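S.K.: Mind looking over this structure? Questions follow.
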Amino acid sequence: MTITMMFACDQIGAKYYDYAMDHRVIVEAQIKTAEKFKIDHLCSMTDPARESADCGAHVKYYDNQPPAIDESDALLLDKTKLIKLKIPDPLGGGRMHDRVKGVELYKKLSGDSRMIEGWVEGPCAEGADLRGINNLMMDFMDDPQFVQDLFAFNVEMAIRFAKVQVEAGADYIGIGDAAASLVGPRIYEEFVFPYEKKLVDAIHEMGLPVRLHICGNTQRILAGIARLGVDIFDLDYCVPMNKARELMGPKQVIFGNIDPVRQMRNSTPEKVYEDIKLCHEQAGQNYVIGGGCEVPRDTPQACLMALADYADNAVIE
């Protein structure tokens, strides 16, 4: 279930702007990539700006790289605007709706052959998108009530977005909450965990598994993440797999976590095979094969195929 975005886009020779903005392009690219490299899911991630764009945030769009939030002109640079901010309709014709259409098209074209991924932004990541990452980090200290109000807004928006993706045919919902890796255990437990937990529980109540993706070094908050009850946790390469298993316990399903650049793009198929084998040995049972984060676009195809080769030959002790 490794993550391919720009890599997948390149498989069909498309511009990334079209991949991010037109569900037909991502569906074509993902199905081709999944079939070619034996990937067991169809990715819905393109960039973190779908919800914030529909909220009215200033998003920068590029020809051949992912859209990005303009933090210098963040939507909630003025915190008082939050009280008037409305949750956008995820079926209202915006970028959220485009993702829903992608899930529907995945279901039509692939049926049950692969797991269809829905995706939402987590409370901390969306908070960073709407407020600006540096402002949000200061808000934890300077205005904790605002953070709680913001995260409550974000979770309600994510729940509504997840629900329509479930109805469209998603087999699981991924949550991206990368900004959470920047906080320590105290802030995580007080501010982030309660809202991530509410979102995870809501998706479970919809009947679907949850995958949580947090880029970066999550070692300080792994014990808290283990209590969320997510079905898969994506571990970035910054954290040793054996340490994650120790902190999260034997039942948590862990995904990852070789370095996508050093151990995939700049490696050889033989070395990729050995590195992912070591991850599996350290993780033991309840393990999903993949890179620590997105596979870079110029990764040698044989290196990505090495993950499937290992999966074909892996023996779980």
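S.K.: Considering the stretch 249-267 alone, what residues qualify as being under 19 Å from the mean Cα position of the chain (by Cα) and in a helix (DSSP H, G or I)?
M.R.: Of everything in the stretch 249-267, just one residue is under 19 Å from the mean Cα position of the chain (by Cα) and in a helix (DSSP H, G or I), namely 261.
S.K.: Can you find even one residue in the stretch 35-55 that is more than 27 Å from residue 257 (Cβ to Cβ), aliphatic (A, V, I, L, M) and touching a strand residue (DSSP E or B) at 6+ places or on another chain (Cβ under 6 Å)?
M.R.: Yes, some residue in the stretch 35-55 is more than 27 Å from residue 257 (Cβ to Cβ), aliphatic (A, V, I, L, M) and touching a strand residue (DSSP E or B) at 6+ places or on another chain (Cβ under 6 Å).
S.K.: If I ask for residues that are buried (at least 20 other Cβ atoms within 10 Å of the Cβ) and either more than 14 Å from residue 235 (Cβ to Cβ) or among the hydroxyl-bearing types (Ser, Thr, Tyr) (or both), which ones from the stretch 258-274 would you list?
M.R.: Correct list: 264, 267, 272.
S.K.: Is one or more of the residues making up the stretch 280-302 surrounded by 14 or more Cβ atoms within 10 Å (Cβ to Cβ), of a type in the set (S, T, N, Q), in contact with a helix residue (DSSP H, G or I) (Cβ under 8 Å, 6 or more places away or on another chain) and not in a loop (DSSP other than H, G, I, E, B)?
M.R.: yes
S.K.: Related question: Kindly indicate which of 78, 54, 40, 98 is farther than 30 Å from residue 306 by Cβ, acidic (Asp, Glu) and surrounded by fewer than 16 Cβ atoms within 10 Å (Cβ to Cβ).
M.R.: Going through 78, 54, 40, 98 in turn, just one is farther than 30 Å from residue 306 by Cβ, acidic (Asp, Glu) and surrounded by fewer than 16 Cβ atoms within 10 Å (Cβ to Cβ): 78.
S.K.: If residue 306 passes every condition in (1) without any contact (Cβ under 8 Å) to a residue 40 or more places away in the chain; (2) surrounded by fewer than 20 Cβ atoms within 10 Å (Cβ to Cβ); (3) aliphatic (A, V, I, L, M); (4) in contact with a Lys or Arg (Cβ under 9 Å, 6 or more places away or on another chain) but one, which one does it miss?
M.R.: (2)
S.K.: Return yes or no: is residue 164 touching a Lys or Arg at 6+ places or on another chain (Cβ under 7 Å) and within 20 Å of residue 85 (Cβ to Cβ)?
M.R.: no
S.K.: Here are some conditions: (1) within 17 Å of the chain's Cα centre (by Cα); (2) under 30 Å from residue 308 (Cβ atoms). Residue 69 meets all but one. Which one does it not meet?
M.R.: (2)
S.K.: Would you check which residues across the stretch 268-279 are free of Cβ contacts under 8 Å to residues at least 40 places away in the same chain and assigned to a helix (DSSP H, G or I) and list them?
M.R.: 270, 271, 272, 273, 274, 275, 276, 277, 278, 279
S.K.: Same structure again: Quick check on residue 49: is it free of Cβ contacts under 8 Å to residues at least 24 places away in the same chain, surrounded by 20 or more Cβ atoms within 10 Å (Cβ to Cβ), among the small types (Gly, Ala, Ser) and under 19 Å from residue 98 (Cβ atoms)?
M.R.: Here the answer is no, as residue 49 does not meet what is asked.
S.K.: Also, I was wondering about something else. Just give me the residues in the stretch 105-114 being surrounded by fewer than 18 Cβ atoms within 10 Å (Cβ to Cβ) and either more than 20 Å from residue 32 (Cα to Cα) or not polar (S, T, N, Q) (or both), in sequence order.
M.R.: Listed by number, the residues that qualify are 107, 108, 109, 111, 112.
S.K.: Taking only the stretch 128-152 into account, find how many residues are touching a strand residue (DSSP E or B) at 6+ places or on another chain (Cβ under 9 Å) and crowded, with 24+ Cβ neighbours inside 10 Å.
M.R.: 3
S.K.: So the check is Cβ under 8 Å with 6+ separation or different chains; which pairs have a first residue in the stretch 141-154 that's without any contact (Cβ under 8 Å) to a residue 60 or more places away in the chain and a second one that's in a helix (DSSP H, G or I) and of a type in the set (Val, Ile, Thr)?
M.R.: Final answer for the pair search is 151/192.
S.K.: Being more than 22 Å from residue 10 (Cβ to Cβ) and not in a loop (DSSP other than H, G, I, E, B) is the filter here, so list the residues in the stretch 303-314 that pass it.
M.R.: Matches in the stretch 303-314: 310, 311, 312, 313.
S.K.: Now, a different point. I'd like the full set of residues that are over 27 Å from residue 299 (Cβ atoms) and not basic (Lys, Arg), limited to the stretch 232-265.
M.R.: Listed by number, the residues that qualify are 246, 247, 248, 249, 250, 252.
S.K.: List, please: which pairs have Cβ atoms under 7 Å, are six or more places apart or on different chains, and start with a residue in the stretch 16-31 that is farther than 13 Å from residue 47 by Cα and of a type in the set (D, E, K, R) and end with one that is assigned to a helix (DSSP H, G or I) and at pLDDT 95 or above?
M.R.: So the pair list comes out as 24/105.
S.K.: Only one residue in 69, 87 is closer than 27 Å to residue 24 by Cβ, of a type in the set (Val, Ile, Thr), surrounded by 16 or more Cβ atoms within 10 Å (Cβ to Cβ) and modelled with pLDDT under 95. Which one?
M.R.: On inspection, the qualifying residue turns out to be 69.
S.K.: Looking for whichever is buried (at least 16 other Cβ atoms within 10 Å of the Cβ) and either free of Cβ contacts under 8 Å to residues at least 60 places away in the same chain or in contact with a Leu (Cβ under 7 Å, 6 or more places away or on another chain) (or both) here; the options are 121, 117. Which one fits?
M.R.: Step by step, each of 121, 117 is checked, and only 117 is buried (at least 16 other Cβ atoms within 10 Å of the Cβ) and either free of Cβ contacts under 8 Å to residues at least 60 places away in the same chain or in contact with a Leu (Cβ under 7 Å, 6 or more places away or on another chain) (or both).
The values are calculated or read from the model by the stated rules, or taken from the named source; none is laboratory data. Nothing here was measured: the structure is a model prediction, and the numbers come from that model. No Cβ is skipped: glycine too gets one built from the backbone with ideal geometry, and neighbour counts run over all protein chains shown.
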